[in-house]
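Q: Sharing a structure here in structure tokens format.
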Amino acid sequence: MLDREQAERRAAEFLAGESRSWGPSSSVRIISEYCFTDGGQFIAPYDHIDYLDHGREDMQLGGNLPVAVDLTTGSCRFIGWEEADVFMERNLL
């Protein structure tokens, strides 16, 4: 079973690999303070570095779905909209 640090590292590595092809939106980072564990998975929201570090609102991403890390297997994926809706209803996102 992965601990929080291991899961966050997996999420960051997954995000770095996936975001390489996103062009100007590829400078992204996991938002550690917004990460949480739910149902055996680690959920890692992220945003553009210019927004996170410099407050550039024009660089804030919209519609970006968090990374989910399975805490047993370590596999990573982006969550779906239905999952995001459930997390939002529970005030987790």
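Computed from the coordinates by the stated procedures, all read-outs in this text should not be read as laboratory data. Owing to the predicted nature of the structure, the values given are computational and were not obtained by experimental measurement. Every residue, glycine as well, gets a Cβ built from its backbone with ideal geometry; the counts of neighbours run over all protein chains shown.
Q: Run the helix sum for the chain: -39,500 (n - 2.57) per DSSP H stretch of 4+ residues, divided by residue count, reported at 222 nm to the nearest 500 deg cm²/dmol.
A: -10000 deg cm²/dmol
Q: Also, I was wondering about something else. Calculated from the structure, Rg/Rh (Cα atoms, Kirkwood Rh) equals which of (i) 0.96; (ii) 1.04; (iii) 1.07?
A: Computed from the coordinates, Rg/Rh (Cα atoms, Kirkwood Rh) corresponds to (i).
Q: How big is the charge dipole of the chain about its Cα centre, in debye rounded to the nearest 20, if each Lys and Arg gets +1 on its Cβ and each Asp and Glu gets -1 on its Cβ?
A: 260 debye
Q: In whole Å, what is the distance between the alpha-carbon centres of segment 66-93 and segment 1-39?
A: 12 Å
Q: Continuing with the same structure: Please report the relative contact order for the chain, taking Cα pairs under 8 Å with a sequence separation of at least 6, and give it as a percent rounded to a whole number.
A: 26 percent
Q: Compute the angle between helix 4-19 and the longest alpha-carbon principal axis of the chain, please, reported from 0 to 90 degrees and rounded to the nearest 10.
A: Helix 4-19 sits at roughly 50 degrees to that axis.
Q: Right, next: Which one of Asp53, Asp38, Asp70 has the biggest mean-square fluctuation once the chain is modelled by GNM with Cα springs under 10 Å?
A: Asp53
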